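To start, the structure itself, in structure tokens.
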Amino acid sequence: MAARLIPGDGIGREVIPAGRRILEALPSSFKLNFSFVNLEAGFGTFQDTGVALPDKTVETLKKECDGALFGAVSSPTKNIPKGYSSPIVALRKRLDLYANVRPVKTVAGAHSPVDLVIVRENTEDLYVKQEETFMGPKGKTARAIKEITEYASLNIARMAGDIALRRQRVRDAGGDSIHKQPLVTITHKSNVLSQTDGLFRESARTALSEEKYQSINVEEQIVDSMFYKLYLKPSHYDVVVAPNLYGDLLSDAAAALVGSLGLVPSANVGKDFAIGEPCHGSAPDIEGKGIANPIATIRSVGLMLEFMGEEKAAAKIYSAVDANLEEGKLLSPDLGGNAKTDEVVEDIIKRL
Ligand code: ATP
Ligand code: MG
């Protein structure tokens, strides 16, 4: 098997090697023989070569597509040089990674337990970026198009259904969880946007009523009250499926429930390819200090493996991470500890 590593910028260059060490340390009984190739992308790459996402990186990913791990890219907010745009956004487009999947989970015994996954549509909605500015009756006016297709909505809802079933399989095999039954929550605002969000809602309902998903409880939640309830009673939610914009907001809001960005993984998923990506950025404030929390990346390795069909290896990684957090002896500074990145990695490897 081949895994592609794209460290990117900042602490991406510190946490991706940690992810690699975890893959290399997986017991041989899983029969996963990974070969690794580092690929270039990011702002550093742009400064060196003039392109943020070299064609060679995309070609290599397309040709040898088992899975990949993406670190972080720094996104300059001021003085953005001409020609620079985020390579991960471009990668999602060029590889048609139509879903962004973000699990958020607290450790066992947490005061307010959370164990949910946000499944965000990743290609359309307001992110089709068709905007215009013109002079209207009230003067200067800007307008954006929100585009929802039945096709993408069906696909994302099926992905949510498949994830709910997979989580149930893990529970049935003895995995620890606060849930007993699979639940998919469809979130939208079709009371106001009856056509666009209405189509999303209807398509998601249709997809989840398919035979395969009969064992899943399906509910709906208008997005504003979704945020409200997410904060009041996060333990209610199992899998939440949302169109692009609401999913973006919900993903960050849900990540805040567990205390550190350094814990939260994500995956960009297409038909037959997944890129694991910690949900934090390049964290320039701690770069080079060797204290970045590697857990978001290590959990992203687990996610990548899940989407490659290696559920058992993924479960092994998750439980090693949980054991490290539950014991709480070797924690990085963002979690109140004083362990270095390498010490956390070694502790987790010991538990594999
Ligand atoms: P970028 O522009 O690349 O997103 P940023 O300045 O927004 O960079 P983030 O990476 O988004 O920084 O991080 C936000 C805050 O969370 C920073 O203070 C950072 O140090 C902290 N943080 C993020 N990831 C980690 C991690 N893995 N371990 C410890 N702290 C982290
Ligand atoms: Mg950031």
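Each reported figure results from applying straightforward, stated rules to the coordinates on display, with no laboratory input. As the structure is a computational prediction, the values presented were derived from the model and not from experiment. Using ideal geometry, Cβ is built from the backbone for each residue, glycine included, and neighbour counts are taken over all protein chains shown.
Could you tell me whether region 237-281 comes out rounded, prolate or oblate from its Cα gyration tensor? Rule is a ≥ b ≥ c as square roots of the eigenvalues, rounded for a/c under 1.5, then prolate if a/b exceeds b/c, otherwise oblate. The partial results should precede the final answer.
Values: a/c = 1.96, a/b = 1.22, b/c = 1.61.
Cα axes put region 237-281 in the oblate bin.
Kirkwood hydrodynamic radius (Cα pairs, Å) of region 40-82? All intermediate terms of the calculation are to be shown ahead of the outcome.
Values: mean 1/r = 0.0863 Å⁻¹.
Taking every pair of different Cα atoms in region 40-82, averaging 1/r and inverting gives 11.6 Å.
In what sequence do Val269, Val223 fall when counting other Cβ within 10 Å, fewest first?
Values: Val269 26, Val223 20.
Ranked by crowding around the Cβ, least crowded first: Val223, Val269.
Could you state the number of Å between the C-alpha centres of region 218-261 and region 20-92?
28
Taking +1 at the Cβ of each Lys and Arg and -1 at the Cβ of each Asp and Glu, which of Asn33, Tyr318, Ala144 sits farthest along the dipole of the chain towards its positive end, judged by Cα position relative to the Cα centre?
Ala144
Ala173: net charge of surrounding residues, Cβ under 13 Å, Lys/Arg +1, Asp/Glu -1, itself excluded?
Numbers: positive: Arg166, Arg167, Arg169, Arg171, Lys312, Lys316; negative: Asp172, Asp176, Glu311.
Here the count lands on +3.
Rg and Dmax of the chain, Cα atoms, in Å?
20.1, 69
What is the ratio of the Cα radius of gyration of region 241-352 to 2.2 N^0.38 Å, with N the residue count, to two decimals? Working shown, then result.
Details: Rg = 14.4 Å, N = 112, 2.2 N^0.38 = 13.2 Å.
Taking N as the residue count of region 241-352, the ratio is 1.09.
Place a +1 charge on the Cβ of each Lys and Arg in region 1-103 and a -1 charge on the Cβ of each Asp and Glu, then give the dipole magnitude about the Cα centre in debye, rounded to the nearest 20.
On the way: 14 positive and 10 negative charges, 47 e Å.
For region 1-103, the charge dipole is close to 220 debye.
Of Lys63/Lys289; Lys82/Lys129; Lys312/Lys340; Lys31/Lys180, which pairs sit farther than 24 Å apart, going by alpha carbon to alpha carbon? Mind showing how you got there, number by number?
Working: Lys63/Lys289 36 Å; Lys82/Lys129 18 Å; Lys312/Lys340 28 Å; Lys31/Lys180 31 Å.
Too far apart for the 24 Å limit: Lys63/Lys289; Lys312/Lys340; Lys31/Lys180.
Using Cα pairs closer than 8 Å and at least 6 residues apart in sequence, work out the relative contact order for the chain, in percent.
Details: 711 pairs, mean separation 74.3, N = 352.
Dividing the mean separation by the residue count of the chain yields 21 percent.
Short version: ³J(HN,Hα) in whole Hz for each residue of region 78-89, in order, from phi by Karplus 6.51 cos²θ - 1.76 cosθ + 1.60 (θ = phi - 60°), x for Gly and Pro, what are they?
10, 6, 5, x, 4, x, 8, 9, 4, x, 6, 5
Find the relative contact order for region 147-257 and round it to a whole percent, using C-alpha pairs within less than 8 Å whose residues are 6+ positions apart.
Values: 142 pairs, mean separation 39.9, N = 111.
Once normalised by length, the contact order is 36 percent.
Viscosity 0.890 mPa s, temperature 25 °C: Stokes-Einstein D of region 124-277 from its Kirkwood Cα radius, in µm² per second? Don't jump to the answer; show the numbers that get you there.
On the way: Rh = 17.1 Å.
For the chosen part, D equals 144 µm²/s.
What does the charge dipole of region 147-257 about its Cα centre add up to, to the nearest 20 debye, if the Cβ of each Lys and Arg holds +1 and the Cβ of each Asp and Glu holds -1? It would help to have the intermediate numbers written out before the result.
Values: 12 positive and 15 negative charges, 77 e Å.
The dipole of region 147-257 has a size of about 380 debye.
When the Debye formula is applied to the Cα atoms of region 1-133, each taken as the same point scatterer, what base-10 log of I(q)/I(0) results at q = 0.16 Å⁻¹?
Once normalised to I(0) and log-transformed, intensities are -1.02.
According to the square roots a ≥ b ≥ c of the eigenvalues of the Cα gyration tensor, what is the shape class of region 101-147, taking rounded for a/c under 1.5, prolate for a/b larger than b/c otherwise, and oblate for the remainder?
Working: a/c = 7.52, a/b = 3.01, b/c = 2.50.
Because a/c hits 1.5 or more and a/b exceeds b/c, region 101-147 counts as prolate.
In whole Å, what is the distance between the alpha-carbon centres of region 268-347 and region 123-137?
When both Cα centres are located, 37 Å separates them.
So how strong a dipole does the chain carry about its Cα centre when Lys and Arg Cβ are +1 and Asp and Glu Cβ are -1, to the nearest 20 debye? Let's see the in-between values first.
Details: 42 positive and 46 negative charges, 37 e Å.
Result for the chain is approximately 180 debye, rounded to the nearest 20.
Give the share of C-alpha pairs in each 5 angstrom bin for region 89-193, from 0 to the last occupied bin, in whole percents, shortest bins first.
P(r) for region 89-193, in whole percents per bin: 2, 9, 15, 17, 15, 12, 11, 8, 4, 3, 2, 1, 0.
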